[in-house]
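Peer 1: After the structure tokens below, expect a handful of questions from me.
The values are calculated or read from the model by the stated rules, or taken from the named source; none is laboratory data. As the structure is a computational prediction, the values presented were derived from the model and not from experiment. Cβ placement follows ideal geometry from the backbone for every residue including glycine, while neighbour counts extend to all protein chains displayed.
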Amino acid sequence: MELRVIEKTDTELRIEIAGEDHTFMNVLKGALLEADDVAAATYDMNPEQSGGQTEPVLTVKAESGDPLDAVEAAATSITDRTDALRDAVTAA
Amino acid sequence: MMIPVRCFTCGNVVGEHWEEFKERAREGEEDPGEVLDDLGVNRHCCRRMLVSHRDLVDVVSPYQ
Amino acid sequence: MTEADFDVEYVERDDRSARVLIRGLTPAFANGIRRAMIADVPTFSIDTVRFVENSSVMFDEMIGLRLGLVPLTTPLDEFEIGDTVTLALDVEGPATAYSGDIESAEAMVEPADENVPIVELKEGQRLEFEADAVLEAGKEHAKHQGGVSVGYRHLQRVSVEGDRGEFDDEEPRILRGVIETPEGEVVATDEFGNDLSERYPGKEVRVEDVPGAFVFHIETDGSFTVEELLLRAIDSIEERADELRTKVAV
């Protein structure tokens, strides 16, 4: 996983997450959209059909606060869930 | 030639059931469908692998 | 963030095949787990073969392909992606070379099925080779997929709306998957021939998806158990989330 910030303002972020595919990006997007301070979140696997760009690009728009913090919070919420799910699977 | 190791469609291992299937359904008198049920080959993609197979080693071996 | 609250229940359970009901998942998360089980959980598979002698009726390449498809047991705690294990086979005709004849340098990595025929050998024919099995993920090559026909459906809630009209035809109501009965029981549809009119004769029934409840159908090729596959898929998502968090925090 290689991160490269393409564009960053106070409330908006475009970041390339190299080496990932729908498996993780969609989970991440889903987690971002559940957060209250995220106005919009999406990802694109093949932005604008551009030649060469084949790594996913994540776009986050924050309602308030830094969008990078929102991404960090989303990652935490994913690990919280995987932890809980692992416990539930082991217990079943 | 030899029974495929896996089902082409789903990737389930079917090769291991071939000899029993051949013995019971081809050389024996049992109903092929019932033998397949018995072997646990449930999906029709896997079933056709066994039903439609023909061993060809005996046919090609004289031409080595 | 929402408090994660999961409920996991095995509807059917075997070493190699199971149906697991998981409540509390989002569709994105369910799909992430499914995809991770198929493409991201690695298994051992023969990748390189050095033939010493092959006088069978099949070419080296054909045998190489068959060997790659033979599932090998994979203890994931002991190995990392890219690790190799050497295997060997030496069979002389008249005999059939089986996957069970393959000898492994590592007792933990061996053919998961013993009865897969590799090639039938006639009098005077011989097959001898040494092979390297590599631990790789399913996205590199399908032969490394540990999960076979992994998928999920929604849990379907069946409610009885009342009696069917006296002169209405009794029509079959075909349904596949797993249902939740009005009594709260979880029942696989093949228990009543996938036909709701068999279970609720003369009743008017309604079927709806239960939000957040997914029934996974998981089968493995024998490399590891179903539970191992599911847990490794969850781990793989977690690893990536962890990596993202540390990289974003910097």
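Peer 1: For the subset of segment A:74-85 comprising residues that are in contact (Cβ under 8 Å) with a residue 12 or more places away in the chain and closer than 21 Å to A:GLU2 by Cβ, which member is farthest from the other protein chains (Cβ to nearest Cβ)?
Peer 2: Ranking the candidates gives A:ALA74 first.
Peer 1: In addition: For segment B:1-21, which residues satisfy the criterion of being more than 8 Å from chain C (Cβ to nearest Cβ), within 13 Å of the chain's Cα centre (by Cα) and β-branched (Val, Ile, Thr)?
Peer 2: Within segment B:1-21, just B:VAL14 meets the criteria.
Yes/no matrix, rows are residues, columns are (1) more than 28 Å from B:GLY40 (Cβ to Cβ); (2) without any contact (Cβ under 8 Å) to a residue 60 or more places away in the chain; (3) among the β-branched types (Val, Ile, Thr):
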residue	(1), (2), (3)
C:PHE6	yes, yes, no
C:GLU9	no, no, no
C:ILE33	no, no, yes
C:ALA36	no, no, no
C:ALA39	no, no, no
C:SER45	no, no, no
C:ARG50	yes, no, no
C:ASN54	yes, no, no
C:PRO71	no, no, no
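Peer 1: Hey, any hits in segment C:235-242 for a residue that's of a type in the set (D, E, K, R), touching a helix residue (DSSP H, G or I) at 6+ places or on another chain (Cβ under 7 Å), surrounded by fewer than 18 Cβ atoms within 10 Å (Cβ to Cβ) and outside the structural domain of C:GLY151 (by TED's automatic domain parsing)? Can you show your working first?
Peer 2: Start the filter on segment C:235-242 by keeping residues that are of a type in the set (D, E, K, R), which leaves C:235, C:238-240, C:242.
Subsequent filtering for residues that are touching a helix residue (DSSP H, G or I) at 6+ places or on another chain (Cβ under 7 Å) retains C:238, C:240, C:242.
Narrowing further to those that are surrounded by fewer than 18 Cβ atoms within 10 Å (Cβ to Cβ): C:242.
Still in the running and outside the structural domain of C:GLY151 (by TED's automatic domain parsing): C:242.
Yes, segment C:235-242 contains a residue that is of a type in the set (D, E, K, R), touching a helix residue (DSSP H, G or I) at 6+ places or on another chain (Cβ under 7 Å), surrounded by fewer than 18 Cβ atoms within 10 Å (Cβ to Cβ) and outside the structural domain of C:GLY151 (by TED's automatic domain parsing).
Peer 1: Evaluate the following for C:ASP221: is it closer than 16 Å to A:PHE24 by Cα and either of a type in the set (Asp, Glu) or modelled with pLDDT under 95 (or both)?
Peer 2: No; evaluated as a whole, the condition is false for this residue.
Peer 1: C:ILE179 versus (1) within 29 Å of A:ALA92 (Cα to Cα); (2) of a type in the set (Val, Ile, Thr); (3) within 14 Å of chain A (Cβ to nearest Cβ): which is the lone unmet condition?
Peer 2: For C:ILE179, the exception is condition (3).
Peer 1: Output the number of residues of segment C:14-29 satisfying the condition of being touching a Gly at 6+ places or on another chain (Cβ under 8 Å) and either assigned to a strand (DSSP E or B) or not assigned by TED's automatic domain parsing to the domain that holds C:PHE216 (or both).
Peer 2: As a first pass, look at segment C:14-29 and keep what is touching a Gly at 6+ places or on another chain (Cβ under 8 Å): C:16, C:23-29.
From what is left, the residues that are either assigned to a strand (DSSP E or B) or not assigned by TED's automatic domain parsing to the domain that holds C:PHE216 (or both) are C:23.
Matching residues across segment C:14-29 total 1.
Peer 1: Can you pull out every residue in segment B:22-43 that is within 27 Å of B:PRO62 (Cα to Cα) and within 11 Å of chain C (Cβ to nearest Cβ)?
Peer 2: Hit for segment B:22-43 is B:LYS22, nothing else.
Peer 1: Which of (1) in a strand (DSSP E or B); (2) over 30 Å from C:LEU155 (Cβ atoms); (3) of a type outside the set (S, T, N, Q) is the odd one out, the single condition C:GLY100 does not satisfy?
Peer 2: Condition (1) is where C:GLY100 drops out.
Peer 1: Then there's this: Scan segment B:1-51 for residues that are under 13 Å from C:VAL116 (Cβ atoms) and surrounded by fewer than 16 Cβ atoms within 10 Å (Cβ to Cβ) and report the count.
Peer 2: Residues meeting the conditions: 2.
Peer 1: Scan (1) over 29 Å from C:ASP190 (Cα atoms); (2) over 9 Å from the mean Cα position of the chain (by Cα); (3) assigned to a loop (DSSP other than H, G, I, E, B) for the single condition B:VAL59 breaks and write down its number.
Peer 2: Failing condition for B:VAL59: (3).
Peer 1: While we're here: Quick check on my filter: what residues within segment C:18-31 are more than 8 Å from chain A (Cβ to nearest Cβ) and surrounded by fewer than 18 Cβ atoms within 10 Å (Cβ to Cβ)?
Peer 2: C:ARG23
Peer 1: Among the residues of segment C:74-124 satisfying the criterion of being within 14 Å of chain B (Cβ to nearest Cβ), surrounded by 18 or more Cβ atoms within 10 Å (Cβ to Cβ) and β-branched (Val, Ile, Thr), which is nearest to the chain's Cα centre (by Cα)?
Peer 2: Per the criteria, the residue is C:VAL116.
Peer 1: Something else: For segment C:159-176, state whether one or more residues are within 12 Å of chain B (Cβ to nearest Cβ), more than 21 Å from C:THR48 (Cβ to Cβ) and not polar (S, T, N, Q). Don't jump to the end; show me each part of the working.
Peer 2: Of the residues in segment C:159-176, the ones within 12 Å of chain B (Cβ to nearest Cβ) are none.
Looking through segment C:159-176, none of the residues is within 12 Å of chain B (Cβ to nearest Cβ), more than 21 Å from C:THR48 (Cβ to Cβ) and not polar (S, T, N, Q).
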